[in-house]
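What follows is a set of notes on a single structure, which appears directly below.
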Amino acid sequence: MARVLAVVLPIIEIAAAAMVGLALSMTAWSPNSRHVLNVLGVSFAVVAMAATFSGARGIVRRLHDAWFENEMVESVRYFFLMRYHFLCAALMIVFPALAVQRFRRLLEPMFDVRPLDMLFVSWMALLNAWAIMVGVQLTSRYGPHRFGGGGVVLREAWRKLGIRLKVPLFGVLAVPMIATCLWKMERWGSGAAAATGGAALAFLTLGFTTWQRESLVPPQVAPSRLLLNGNWFRRTKSDESEETDAESGDAGLVLPALLRFLGPGYYDVERARSRPGHLLAASLLAAVAVTYGLIGFTFRPRGGWNDWFPPLGYALIIFLLGAWGLPAAAFFFDRWRVPVLGALLSTIVVLYSLSNTDHYYPTKPADADLVARAVSLTPQEAFDAWHAARPGHGDRMTVVVLSGGGISAAAWAAEVLTGLESAIGRPFTESLHALSSASGGSVGAMYYLDGFGPRSPRPADELERIRSAARRSSLAALAWGVAYPDAWRFVAPPIMRLFPDLDRGWALQEAWRGQLARPGESLFSIRARIARGEMPVPLFDATMVDAGKQFVMCPADIHRAGGHHFRPSLGFLREFDGRDLDLVTAARLSATFPWVSPIPRASRASGGPDWHIADGAYFDNYGVVSMVEWLNVVLPRLRERAARPRVLIIRVSIRDVALDARTGSSDKPGWTYTLYGPVITLLSTSSTSQLARNEQLLELISDRWTSRDEIDFEIVHFALNTEVPLSWQLTADAIAQIQSRWETERAEGAEFRRVQEFFRP
């Protein structure tokens with residue numbers, strides 16, 4: 001065995017160094033630092049291997065012999081048995097670094113917390129660290145009874161030091177989470193105070209759990225040292241502890257039969273008693289599960305308390321369940337050499353196959369009274385109603401196209417539209433005929449149309465409410481959806497068949513609904529208002545995944561365009577005859593951001609086709625295609641009703657600076673493009689090809705109608721250059737950038753002056 005170990009040890013050292021180097025390189029802040037860390041890791045491995053084969057003791061062996069009494073091979077064996085403890089510990093350390101470096105656009109907003117959030121984060125991060133502490137002790141203590149061998153034995157000095165300092169030592173695992181949140185906070189002092197409060201709360205949780213255990217067990221049972229020293233909570237002190245195995249009687253008074261069934265390591269057959277550490281761990285896991293359920297119920301999106309729990313807290317509660325569950329599963333299955341992840345994934349695949357679980361969005365029966373008010377509403381009829389409601393002012397028509405870009409696009413769209421309404425006033429709102437939007441722009445359009453009516457322009461406080469709603473974070477609702485319905489959909493798919501509409505997309509939708517003044521608005525409810533000429537026509541653009549076609553959710557009958565073939569022929573009202581769709585659901589389908597929201601299909605009760613609907617950006621990220629089709633239908637009517645009509649096309653878009661940065665040289669190795677080059681090219685050209693096509697479409701429609709029918713076109717473009725986050729939360733700096741960009745545009749922007757000139761009498 002010694003000879004085998006002499007050969008295997010260098011390999012272990014190389015693998016360990018490579019893993020450390022890889023982890024560090026993933027968190028590195030620049031290509032140069034990444035290369036340096038890789039070189040250092042390989043150098044360490046080479047030096048260790050040379051030292052081992054030269055006859056000297058390797059670095060790993062030297063450290064091992066200084067800390068442990070047992071043989072090296074036994075420690076290697078237990079390193080494997082504790083793999084999930086180490087994995088959870090590594091996740092606690094690496095996750096913050098990955099969030100602020102590698103996956104910054106997706107995960108970094110989770111660390112943008114308030115002081116109260118900091119309290120929760122500190123509390124839960126420390127509970128995660130101490131859950132790992134308990135798991136390590138249980139495996140090292142009861143592993144020899146289940147797997148044989150002598151186990152891992154620390155040298156006396158280290159063992160005593162570990163008993164005294166294990167709580168703060170394992171607590172260090174929580175430092176990266178807490179420090180990253182503090183680093184992101186502007187008010188560092190209040191954040192540090194909240195973090196201290198969370199640490200105190202976590203320590204009190206340990207103390208309460210230890211006190212509860214010592215209060216419930218008989219006096220003859222030795223005090224526990226898994227958490228805190230059980231002697232602190234006893235009237236009669238004892239020199240013995242669980243480590244000595246000196247208890248008399250069965251400490252497992254509740255579940256001895258189950259522990260006996262689980263076998264060695266859980267139940268002491270010779271002394272006919274349960275091993276008490278597992279019972280304490282089981283009670284702690286039960287407490288975590290109850291806490292998980294209470295958090296999910298209390299902070300659900302419809303409960304009104306969703307904003308009071310931090311998004312990072314949902315990630316930590318999932319980590320906590322994993323820190324308890326995965327090591328426990330490994331302790332049970334490793335005796336029979338059954339791979340834990342393989343068993344779990346196989347079970348999940350079987351359950352998915354049996355339950356056929358999918359994601360769904362809700363529709364509802366169309367209200368008969370609403371249908372009766374607007375039996376027919378073609379694009380021409382919608383234009384006629386708009387024109388009739390504006391006698392003497394129907395020669396100027398404004399349409400708006402809103403691009404995608406997540407919450408940045410929603411906030412920028414609301415900023416521009418409310419800014420124009422405030423600055424231009426009634427001429428702008430009266431001329432506004434239609435809005436076409438995709439992805440995040442649809443969310444901005446939804447908020448802007450909320451409360452739109454014939455009494456526009458709206459008061460300043462109402463416009464500010466719209467802007468605030470559009471830039472309000474929905475990340476907490478999204479995280480709730482991942483941690484609860486989506487987690488259950490993954491672990492127990494049959495249960496979620498009872499709640500088919502519940503997922504992270506539904507949670508996001510309900511968070512948006514809570515910010516609306518009219519949360520119940522639907523396609524048919526605004527259809528009647530459009531038929532009276534009271535509001536513009538929205539076109540929410542999405543993508544039908546199954547055939548790659550555009551799917552338009554519009555209150556008008558776009559498929560009945562009076563002989564004109566409206567090319568986005570897939571419309572909700574046509575395909576789902578007799579069904580209605582909430583505006584917030586339409587916005588959610590249009591803004592099915594990749595990976596952030598699931599790609600759903602209509603609920604089984606809809607009776608319509610079961611197509612999967614994805615983000616509108618896949619087909620057209622700028623909302624131009626459907627607007628050009630709409631204009632081709634209604635412009636002949638405009639030409640008939642005005643001597644020299646004028647059309648203003650307002651483009652509101654986001655230009656992602658992260659994509660612009662890719663135009664420079666790449667530091668990726670050649671094999672990356674050999675393997676993934678076609679996929680990288682496909683993703684890189686999607687947006688740019690759409691942009692080029694849309695520029696041509698706008699030029700063509702302007703030239704066509706200007707030359708033939710004497711319609712004057714004015715096309716203005718309000719663009720925001722920013723880094724688009726891949727989650728629904730804006731930082732304070734991003735909000736300030738949006739506000740500053742509009743103020744600058746309004747004060748000295750050429751595009752804004754062109755809009756003013758358009759509306760000048």
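Every read-out reported here was derived from the displayed coordinates using simple, explicitly stated rules and does not represent laboratory data. Predicted model only: the values in this text are computed from it and were never measured. Positions of Cβ are generated from backbone atoms using ideal geometry, with glycine treated the same way; all protein chains shown enter the neighbour counts.
Summary table below
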{"quantity": "Taking ASP501, ASP334 and counting other C-beta atoms within 10 Å, the order from fewest to most", "calculated": "ASP501, ASP334"}
{"quantity": "Cubic angstrom per residue, convex hull over Cα atoms of the range 694-749", "calculated": "117 Å³"}
{"quantity": "Neighbour-count ranking [beta-carbon atoms within 10 angstrom, fewest first] of ARG62, ARG513", "calculated": "ARG62, ARG513"}
{"quantity": "For peptides 357-365, 733-741, 429-437, sequence by mean Cβ density within 10 Å, most packed first", "calculated": "429-437, 357-365, 733-741"}
{"quantity": "16 Å Cα-Cα reach of LYS549 towards aspartates and glutamates, excluding residues that sit fewer than 8 places from it in its own chain", "calculated": "ASP541, GLU575, ASP610, ASP615, ASP620, GLU629"}
{"quantity": "Residue order, fewest to most beta carbons within 10 Å, for PHE80, PHE490, PHE299", "calculated": "PHE80, PHE490, PHE299"}
{"quantity": "Rounded D (µm²/s) - the range 589-645, Kirkwood Rh over Cα pairs, Stokes-Einstein at 25 °C, 0.890 mPa s", "calculated": "172 µm²/s"}
{"quantity": "Theoretical FRET efficiency, 1/(1+(r/R0)^6), r = Cβ-Cβ of LEU691 and PHE261, R0 60 Å, to 0.05", "calculated": "0.40"}
{"quantity": "Cα gyration tensor shape for the range 452-577, rounded if a/c is under 1.5, else prolate or oblate", "calculated": "oblate"}
{"quantity": "Phi-based couplings in Hz for the range 618-634 (Karplus 6.51, -1.76, 1.60; Gly and Pro marked x)", "calculated": "4, 8, 8, 6, 10, x, 7, 4, 5, 5, 4, 4, 4, 5, 4, 7, 8"}
{"quantity": "FRET efficiency for TRP308 and PHE333, using Cβ-Cβ distance with R0 set to 45 Å, rounded to 0.05", "calculated": "0.70"}
{"quantity": "Percentage relative contact order, the range 270-362, counting C-alpha pairs under 8 Å, at least six apart", "calculated": "17 percent"}
{"quantity": "Cα-based reach from LYS184 at 17 Å (exclusive), listing aspartates and glutamates while leaving out same-chain residues under 8 positions away", "calculated": "GLU108, ASP112, ASP117, ASP733"}
